[in-house]
Amino acid sequence: MDGDGRLLAVSTVITDDEVVEALKPYTEGDCLVAIDAPLVVTNATGNRAAEAALNKDFAPFDAGAHPTNTARAEFTGRPRGARIASQLGLDMNPRSGRARRAIEVYPHPATVALFRLGRTLKYKSKSGRSLEQLRAELLVLLGLIESLQSADPRLQLDSEASDGAWRRLRTAVEVAQRKSELRLAEDQVDAVLCAYIALFATSHPERTTTYGTFEQGYIVTPTLPADLVPTRRSQGSEPELADDAELDLRSADPGTAVRRYAEQLPEVRRATADYVEIVRSMLDDAGINYLTVTGRAKTLTSFAAKAARTVDGRPVHTDPLSEILDQIGLRVITYVHSDVQAVVDVLNEQLVVHDDRDMGEETASEGRFGYASRHLHVELETDDEQTHPHLAGRVAQVQVRTVLQHAWAEFEHDIRYKGTIPDEHVPDFDRRFTLAAGLLELADREFSTIRERLTESMAEPEPSLDTSADPRITARELAAFLAGQYADAGWSRTDHYEWIGGLLLELGITSLVELGELLRSIDSDTIVERMGYRHPPTAVRRLDDALLWAHGDDYVALSANAHRVEALRTRLAKMRQES
């Protein structure tokens, strides 16, 4: 990188000659080369004085240095780092005032000092560390290095000269399939960090410590903050904290949070699957017309990147495990905009909603078109936690949007965040995305209008004359009939009409005439009053409640209702309760 912190190049080479050749274009003039390897080794055994002094400060953070001495084969002669520095004609004295120098650095203590880590990140391959754990911790380091773009001195990773090198490096970490591939990227990440250490030492000598001496060997690193406390180890895998002050310091340590999230991830995945089933069951029971309910547990990669985010050098999350609320993510996609509110009403009725943001309204309040979606943070009611104890205290983020809103959001995200938009095209792309958002909002409104008009105009159809077919009432006939029977109700999902047609068949009702006679004998107004709907019930839900009212326990006992017996019994008890 240059003196302004602009990244110029990142690469991997193997031999001394290749290293020298790769560095030549950048070391012909004034330069400072940071080398992550010993330059001066004179002691026959044990640690150099530099390592002993550094370890006294940094070993409690897992950032101590390994012993370096001439008894080790690689240091019996001139160390490799010194040979390369000599070939490049660099002065190795850390206190030299010469314009072309080399210094010895060590990334681990630098990460602790620069990023205020309670312990070092565990991105180095060792026995017992899985590929995903290594990837997650390395991604934390990537995120922390990226945060230096707003630090002093500033690191500029996306300079034109680097030709996307950092972006390619991050991608290599994200897609690595083997530990060896991760190691290749890891070395280059370390190299970028070493170059920044050199920049930091030049910019802030008063905040830089040199352990040891030129004569006996030294290590240059950013100074350990006086108030930084290491995360203490316990007998198990969980860190032990002595007091609230240490808790605050530990909570800001993204590495600790990522390790703990990795341990919890199997449980998060199970909780996500259960939340999907719970929400789907709620919407089905309410007769909401939706397209899909899906869920995903936040990946280690995504959690790590989010845990490492900083603003103005300060962490965004002081306690990532409790503050990152989209660890369990659900998405409900509806057909039209009016169904979005119906879904939200159901969630408000049956779950604890901690937060509800209408992103479309926020965008509109700024006088523009753009991202539109409802974002809710939900949690189970206390009574429901007894049925699902593993979900107790677990918050899920639920996004509710129409299929058109979803299409716009996914396409815009892929183009803007996963693709590359040249700077000169950004204004034009912004305009086109805004135009598309406006057109989709208009389309959403028109689809809602079309459905409302169809509902209003539907009349009771003639019964089917085809007696050789399935004896149940067809979904199309039932939809048209119920649109006339419950004119103020919304449409239900297509498969729900088919499903309740099967229930009618179990009851022996095979024609609209029979169904009409049954419904005329039922006091629908009383059902509405007893049920106290907090959201507009759809046509299938209205019919479902009418059949429950008419047939009571016999309806509950139908084979097609086996999966919802408890829910139906609760509704039946509500119906039978005099107001």
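The values are calculated or read from the model by the stated rules, or taken from the named source; none is laboratory data. Please read all numbers here as calculations on a predicted model, not as lab measurements. Glycine also receives a Cβ, built like all others from the backbone with ideal geometry; neighbour counts cover every protein chain displayed. What goes into the accessible areas is simple: the full protein's heavy atoms, side chains included, and nothing from ligands, DNA or RNA. Shrake-Rupley method; radii C 1.70, N 1.55, O 1.52, S 1.80 Å.
Results, tabulated for the structure shown:
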{"read-out": "Gap separating the Cα centres of the stretch 516-535 and the stretch 39-56, nearest whole Å", "value": "85"}
{"read-out": "Protein accessible area in the stretch 27-160, 1.4 Å probe - carbon and sulfur %", "value": "47"}
{"read-out": "Peptides 124-132, 383-391, 149-157 ordered by average Cβ neighbours within 10 Å, highest first", "value": "149-157, 383-391, 124-132"}
{"read-out": "Counted charge near Pro94, where neighbours are those whose Cβ lies closer than 13 Å (Asp, Glu -1; Lys, Arg +1)", "value": "0"}
{"read-out": "Largest-first ordering by accessible area, 1.4 Å probe, given options Arg259, Arg296", "value": "Arg296, Arg259"}
{"read-out": "Length added when fully stretched, Glu132-Thr76, from 0.36 nm per residue minus Cα-Cα", "value": "16.4 nm"}
{"read-out": "Sum of side-chain charges, Ser130 neighbourhood, beta-carbon under 13 Å (Lys, Arg +1; Asp, Glu -1)", "value": "+4"}
{"read-out": "Accessible area of the stretch 498-575 divided out per residue, in Å², using a probe of 1.4 angstrom", "value": "45"}
{"read-out": "Separation of alpha-carbon centers, the stretch 165-214 and the stretch 308-355, rounded to whole Å", "value": "35"}
{"read-out": "Rounded to the nearest 10 Å², the accessible area of Trp499 at probe 1.4 Å", "value": "70"}
